[in-house]
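Novice: This is the structure, below, for whatever I ask next.
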Amino acid sequence: MTRFELCGVSVRHTASAPWLFEDVELALSPGIYGLFGPNGSGKTTLLECMAGIRPFGAGEARFVLRDSPLAGKRLRERLGYVSQQFAFYEEMRADRYLTYVAGMKLIPSHLIADRVTEVLESFGLADYRKFRIRSLSTGQRRRLSIAQAMLNDPHLLLMDEPLEGLDTEERANVMERLLELAGDGVVIMASHILTEIEHWVEQVLFLSDGRVEGPKTPRQWKSALLHEDVLDGAASGSWSEWEPTLEDVYLAQMRRRRR
Ligand SMILES: Nc1ncnc2c1ncn2[C@@H]1O[C@H](COP(=O)(O)OP(=O)(O)OP(=O)(O)O)[C@@H](O)[C@H]1O
């Protein structure tokens, strides 16, 4: 069995800061998960902790690949991370950058050239392989950032706003490609755009008031959030003629809580 778990995880930025999350327990089986929360709710911080970039204040993350626990270097070899902020060497050409990252990921040197070509092609960058990174567009840079995360064929793929800056067609291309490549791994994708999450992911984790809620399917979230609103909506007739989206329901629920 493959699964990713957070065991009693607490997170804060400094020893004197309040906890951002406390005692989070989570067990995710293979699949693609949306990580949703409003600005500042902690999506980036949590993903950085999951990726081992930032330490947990307490608790730990565990990744079990087909019944075999992976930690340390073995987990890093199977981890892909797409950060929200680009962190490129701007003067490098795209293919050199990917070759460099492949080396950092300890991909055997005789496999690197083919793997770089594969990810360049997968993410529509083959024509730009010799371009310096500084001359790539925002969308091309975003795809390069995803391509580097896919170099080692990750079993745990953590992505922070991976579709930001991509046009409609590229969003679809990238997501279709990621869904194909995700295979039997665990993919977590942070976004604050609920329509995007509802469209692409199987299950959603909600960050709310220091808790990680879910996972639930978008449909399950809708019925959970709708519980009372559906009565209001039905009473006013506003939701009687179409099915509300997850965004409709979330917005109604947030506005209700603020009233
Ligand atoms: N280095 C840091 N030191 C102290 N506090 C921080 C640091 N980085 C982030 N924070 C705080 O932690 C909280 C969560 O920030 P984080 O960036 O993880 O949220 P987010 O959900 O990813 O936000 P957004 O949707 O705006 O990208 C915020 O209140 C932020 O101010």
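Novice: Starting with the fewest neighbours, write out Ser135, Ser16 ranked by other beta-carbon atoms found within 10 Å of each beta-carbon.
Specialist: Going from least to most buried by this count: Ser16, Ser135.
Novice: Here's another thing I want to ask about it. Just report the Cα centroid separation between region 89-140 and region 12-81, whole Å.
Specialist: 27 Å
Novice: Right, next: Which one of Val174, Ser16, Leu26 is farthest out on the positive end of the charge dipole of the chain, using unit charges on Cβ (Lys, Arg +1; Asp, Glu -1) and the Cα centre as origin?
Specialist: Comparing the listed Cα positions along the dipole, Ser16 ranks first.
Novice: Follow-up question, since we're still on this one. In region 21-68, which trypsin sites (Lys or Arg not before Pro) are in a loop and have at most 10 other Cβ atoms within 10 Å, using DSSP for the loop call?
Specialist: Those satisfying the criteria are Arg66.
Novice: Expressed as an acute angle from 0 to 90° and rounded to the nearest 10, what is the orientation of the C-alpha long axis of helix 246-258 relative to the principal long axis of the chain?
Specialist: The angle comes out near 60 degrees.
Novice: How much mean residue ellipticity at 222 nm does the chain get from its helices, if each DSSP H run of length 4 or more adds -39500 (n - 2.57) and you divide by all residues, to the nearest 500 deg cm²/dmol?
Specialist: One gets -12500 deg cm²/dmol as the mean residue ellipticity at 222 nm.
Novice: Let me ask something else. Which of the trypsin sites (Lys or Arg not before Pro) found in region 96-139 are in a DSSP loop and have at most 10 neighbouring Cβ atoms, other than their own, within 10 Å? Mind dumping the intermediate values first?
Specialist: Numbers: sites: Arg96, Lys105, Arg115, Arg129, Lys130, Arg132, Arg134; in loops: Lys105, Arg129, Lys130.
Sparse-neighbourhood loop trypsin sites (Lys or Arg not before Pro): Lys130.
Novice: Based on the alpha-carbon gyration tensor of region 1-41 and its eigenvalue square roots a ≥ b ≥ c, which shape applies: rounded if a/c is under 1.5, prolate if not and a/b is larger than b/c, or oblate? The partial results should precede the final answer.
Specialist: Values: a/c = 3.84, a/b = 1.64, b/c = 2.35.
In terms of gyration-tensor shape, oblate.
Novice: Sort Glu176, Glu164 so the one with the fewest other Cβ atoms within 10 Å of its own Cβ comes first.
Specialist: Glu176, Glu164
Novice: Count the lysine pairs in the chain that are 8 or more places apart or on different chains: how many have C-alpha atoms under 27 angstrom apart?
Specialist: Numbers: Lys43/Lys73; Lys43/Lys105; Lys43/Lys216; Lys43/Lys222; Lys73/Lys105; Lys105/Lys130.
Within the chain, the lysine pair count is 6.
Novice: If the only charges are +1 at each Lys and Arg Cβ and -1 at each Asp and Glu Cβ, what is the size of the charge dipole of the chain around the Cα centre, to the nearest 20 debye?
Specialist: So the dipole magnitude of the chain works out to roughly 900 debye.
Novice: Next question, about the same structure. Go ahead and set up a Gaussian network model of the chain, Cα springs under 10 Å, then flag whichever of Gly72, Gly59, Gly124 fluctuates most.
Specialist: Gly72
Novice: Also: Going by the alpha-carbon gyration tensor, a ≥ b ≥ c the square roots of its eigenvalues, is region 1-91 rounded (a/c under 1.5) or, if a/c is not under 1.5, prolate (a/b greater than b/c) versus oblate?
Specialist: Details: a/c = 1.58, a/b = 1.11, b/c = 1.42.
In terms of gyration-tensor shape, oblate.
Novice: Just grab the label-to-label distance for Gln220 and Ala17, each label 7 Å out from Cα along the Cβ direction, in nm (one decimal).
Specialist: Taking the two extended label points, one gets 3.0 nm.
Novice: At R0 = 45 Å, how high is the FRET efficiency between Thr117 and Ala27 if r is their beta carbon distance? Nearest 0.05 is fine.
Specialist: Efficiency, rounded to the nearest 0.05: 0.75.
Novice: Taking a ≥ b ≥ c as the square roots of the eigenvalues of the Cα gyration tensor of the chain, is the shape rounded (a/c under 1.5), prolate (a/b larger than b/c) or oblate?
Specialist: prolate
Novice: Based on the Cβ-Cβ distance of Ile53 and Glu243, what FRET efficiency does E = 1/(1 + (r/R0)^6) give at R0 = 41 Å, to the nearest 0.05?
Specialist: The pair Ile53/Glu243 has a calculated efficiency of 0.55.
Bear in mind that the values in this text are calculations on the coordinates, not laboratory data. Only a predicted model underlies this, so the values are computations on that prediction, with no experimental measurement involved. Quick reminder, even Gly has a Cβ in these numbers, built from the backbone with ideal geometry, and neighbours come from all protein chains shown.
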